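Derivation of every value follows stated rules applied to the coordinates shown; laboratory data play no part. Predicted model, so just to flag it, every value in this text is computed and none were measured. Here the Cβ is made from the backbone with ideal geometry for all residues, glycine too, and neighbour counts use every protein chain on show.
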Amino acid sequence: MKHQLVTFQTIIPQPFQLPYQIYLPTDYGTNSQQAWPLILTLHGASSRGEDPGEILSHDLPSVIEEGVDYPFIVVSPLCPPETWWSDHLPAIDVLLNEVCDRYTVDKNRIAVTGVSMGAYGVWHLGAQYPDRFSALVPISGGGAWFYGFPERARSIHKVPVWVFHGEADPIVPMRESVLLVDEMKAVGGSPKFTVIPEGGHDIWKQVYRMPDLIYWLLEQKRQ
């Protein structure tokens, strides 16, 4: 008997649960007419788990906890164990809608940043929703080939992107960022690309303290 092709199609609902930490600027709420820019930050693989407190120990949340002033609403979800940010893109999209409904957010100034695994999530989230974000800031990351990268980076060539990578990163080689930047440039994009000389994988400790980055994020608006 010869093989026969049979088409099967179904829809299986999938529940998502993403606890998150939220940071509100000091002046939030003093002016009911003021809408605030928002930063979504995606942590690296070492912070995955079930303890939302772990979020505050790494990446942008830890820098804010140390007193660096970010005049943004900052949303920091927790990635469940043994999963990747790419597994949760629809949930992140809905989470952002919920935050925008609950808080006074400038919907034209929503940026996303992430470190390592989080940076992979930034690239994928940006490509999945290219019209949603005002800016992308991936740090020490790259794009997964099985999701169509680096070529898929072309779909976000109109989005302001500032890429950071350590020259001596031993975990995610700098060439991973170079490939993505080159793809964007090939179709007319103009991403910013900053290489940290002799920098390793944890350059976020330096990057998130850069006043130039904070000012740049404040200037970006969705096109």
**OP:** Apply the Karplus parameterisation 6.51 cos²θ - 1.76 cosθ + 1.60, with θ equal to phi minus 60°, to every residue of the stretch 137-145 and state each ³J(HN,Hα) to the nearest whole Hz, in sequence, with x for glycine and proline.
**Re:** 10, x, 10, 6, x, x, x, 6, 5
Subject >> Cβ-based net charge around Tyr103, under 15 Å, with every Lys or Arg adding one and every Asp or Glu removing one >> reply: -1
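Antiparallel as a % of all DSSP beta bridges within the chain, to the nearest 5? All intermediate terms of the calculation are to be shown ahead of the outcome.
On the way: 4 of 25 bridges.
DSSP beta bridges in the chain are roughly 15 percent antiparallel.
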Subject >> Rounded to the nearest 20 debye, dipole of the stretch 6-110 from Cβ charges on Lys, Arg, Asp, Glu >> reply: 340
Original post:
What is the Cα centroid distance between the stretch 69-104 and the stretch 132-177, reported in whole angstrom?
Top reply: 19
**OP:** With θ set to phi - 60°, apply the Karplus curve 6.51 cos²θ - 1.76 cosθ + 1.60 along the stretch 112-119 and write out the HN-Hα couplings as whole Hz, x wherever there is a Gly or Pro.
**Re:** 9, 9, x, 10, 6, 4, x, 5
**OP:** Using just the helices of the chain, give the 222 nm mean residue ellipticity in deg cm²/dmol: DSSP H runs with n ≥ 4 each add -39,500 (n - 2.57), and the total is spread over all residues, rounded to 500.
**Re:** -7500 deg cm²/dmol
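Would you mind working out the magnitude of the charge dipole of the stretch 20-219 relative to its Cα centre, with +1 at each Lys and Arg C-beta and -1 at each Asp and Glu C-beta, to the nearest 20 Debye?
Numbers: 13 positive and 25 negative charges, 126 e Å.
Roughly 600 debye for the stretch 20-219.
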**OP:** Return Tyr215, Tyr28, Tyr120, Tyr23 ranked ascending by Cβ neighbour count within 10 Å, so the fewest neighbours appear first.
**Re:** Tyr215, Tyr28, Tyr23, Tyr120
